[in-house]
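The values are calculated or read from the model by the stated rules, or taken from the named source; none is laboratory data. Here the structure is a predicted model, which means the values were calculated and not measured. Neighbour counts are summed over all protein chains in view; Cβ atoms, including those assigned to glycine, are modelled from backbone coordinates with ideal geometry. The area values use the complete protein model at the heavy-atom level, side chains included, leaving out ligands, DNA and RNA. Shrake-Rupley method; radii C 1.70, N 1.55, O 1.52, S 1.80 Å.
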Amino acid sequence: MKISKVATTAAIAVALALTATACGGSAKDAASDAGASGGTAKDKIVVGIKYDQPGLGLKTPDGKYTGFDVDVATYVAKELGYQPDQIEFKQAVSAERENLIANGDVKLVVATYTINDKRKAKVDFAGPYFLAHQDLLVRADDTSITKAEDLNKKKLCSVAGSTSAQNVKTKLAPDADLREYPGYSECLTGLENKAVDALTTDGSILAGYAAQEKNKGKFKLAGLKLSDEPYGIGLKKGDKDLQTKVNAALKKMVEDGSWQKAMDANLGPADYKAEPAPQITEGS
Ligand code: GLU
């Protein structure tokens, strides 16, 4: 009787100890789960965007991000399971985009990024989600440049690593005095202070500059369609799963009207006549 009482007490003690251990274990798991969903490295997505393209990808002086590409990135991230506060934007200048993706510094690049075969040797794309065309921006009082051939012998600015610079060299105006700057804002400054005579890149980007309050009356677009520039979302080569998910997100963005809304809000003020959303062709 006595023995059995001791045994019972011991059994209860063991049971309590086990329960305590179990509780301790689950409490620890719960704490680490909370930590993870509270924003550890595992729970954010890094997206490369442009920082100097008003209407498309812009970092404002107060540290906010605006533009059509930012809205597309935010929509796609949400479909992938990331809320806006889980997105970390990183600057992706034109010449660095493939490297940023290949090195794993960013998961996605949403940065006026034209899909082409040269780039597809290094990265994959989802999309396209936008169709732009190369155009020219000149000073408002300039009447000497109205077409691509007029650029020959002129000082022309374009950005290193962009399709625009490549197109000038290979077909549009091989005799232009091409200056390749690292970013678009540098080209714009050059155009304003007459270091260059024209700036060439996608009309979508140029329209954003021309419409900026501080640039009103200073510049004009030639209104040309010198090339087709289908924008895609860059991602790691071979990541089929991510490509499929991003394509699905883009399709949904168009179908639920968010694409048009973002377009009107971001490029409407610049009076840019955008093409309708293109068919998604990557990955199929
Ligand atoms: N869309 C072109 C490109 O991807 C020009 C704009 C840019 O440099 O981002 O090269």
**Asked** Can you find even one residue in region 124-140 that is farther than 24 Å from Glu275 by Cβ, open to solvent by 10 Å² or more (accessible area, probe 1.4 Å) and away from the ligand (no atom under 15 Å from the Cβ)?
**Response** yes
**Prompt:** Hey, any hits in region 27-43 for a residue that's modelled with pLDDT of 95 or more and over 11 Å from the mean Cα position of the chain (by Cα)?
**Reply:** no
**Message:** Could you check region 86-95 and list, in sequence order, the residues that are away from the ligand (no atom under 15 Å from the Cβ) and assigned to a helix (DSSP H, G or I)?
**Reply:** Gln86
**Condition check for Cys187: within 14 Å of the ligand (Cβ to nearest atom), surrounded by 14 or more Cβ atoms within 10 Å (Cβ to Cβ) and not in a helix (DSSP H, G or I)** = no
**Item:** Segments classed as strands (runs of 3 or more DSSP E), wholly inside region 134-184, with at least 2 members that are over 24 Å from Asn116 (Cβ atoms)
**Value:** 134-139
**Request:** Can you tell me which residue within region 96-120, out of those that are open to solvent by 50 Å² or more (accessible area, probe 1.4 Å) and part of a helix (DSSP H, G or I), is farthest from Ala165 (Cα to Cα)?
**Result:** Ala102
**Meets criteria (farther than 30 Å from Val46 by Cα and more than 14 Å from the ligand (Cβ to nearest atom)) for Ala211** = no
**Asked** When both residues are 6+ apart or on different chains and their Cβ atoms are under 8 Å apart, which pairs have a first residue that lies in region 119-142 and is aromatic (Phe, Trp, Tyr), and a second that is open to solvent by less than 10 Å² (accessible area, probe 1.4 Å) and assigned to a strand (DSSP E or B)?
**Response** Phe125/Gly232; Phe125/Ile233; Phe125/Gly234; Phe125/Leu235; Tyr129/Tyr231; Tyr129/Gly232; Tyr129/Ile233; Phe130/Tyr231
**Request:** Any chance you could count how many residues in region 250-284 are assigned to a helix (DSSP H, G or I) and over 30 Å from Gln212 (Cβ atoms)?
**Result:** 3
**Message:** Looking only at residues that are within 13 Å of the ligand (Cβ to nearest atom) and more than 12 Å from the chain's Cα centre (by Cα) in region 104-116, which one is nearest to Gln86 (Cα to Cα)?
**Reply:** Ile115
**Request:** Taking the residues in region 65-77 that are surrounded by fewer than 22 Cβ atoms within 10 Å (Cβ to Cβ) and in contact with a strand residue (DSSP E or B) (Cβ under 9 Å, 6 or more places away or on another chain) as candidates, determine which candidate is farthest from Asp43 (Cα to Cα).
**Result:** Thr66
**Request:** Quick one: which residue in Thr146, Thr163, Thr201 is in contact (Cβ under 8 Å) with a residue 60 or more places away in the chain, of a type in the set (Ser, Thr, Tyr) and away from the ligand (no atom under 16 Å from the Cβ)?
**Result:** Thr146
**Prompt:** What are the residues in region 166-183 that are without any contact (Cβ under 8 Å) to a residue 40 or more places away in the chain and open to solvent by less than 30 Å² (accessible area, probe 1.4 Å), if any?
**Reply:** Val168, Ala173, Ala176
**Request:** Report yes if Pro230 is in contact (Cβ under 8 Å) with a residue 24 or more places away in the chain, surrounded by fewer than 16 Cβ atoms within 10 Å (Cβ to Cβ), on the phi < 0 side of the Ramachandran plot and within 13 Å of the ligand (Cβ to nearest atom), otherwise no.
**Result:** no
**Message:** Please go through (1) farther than 28 Å from Gly48 by Cα; (2) more than 25 Å from the chain's Cα centre (by Cα) for Lys169 and return the number of the only condition it doesn't satisfy.
**Reply:** (1)
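Residues are listed down the side, and each one gets a yes or a no for (1) surrounded by fewer than 21 Cβ atoms within 10 Å (Cβ to Cβ); (2) in contact with a Pro (Cβ under 7 Å, 6 or more places away or on another chain); (3) over 15 Å from Val72 (Cα atoms):
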residue	(1), (2), (3)
Phe219	no, no, yes
Gly223	yes, no, yes
Lys240	yes, no, yes
Lys251	yes, no, no
Gly257	yes, no, no
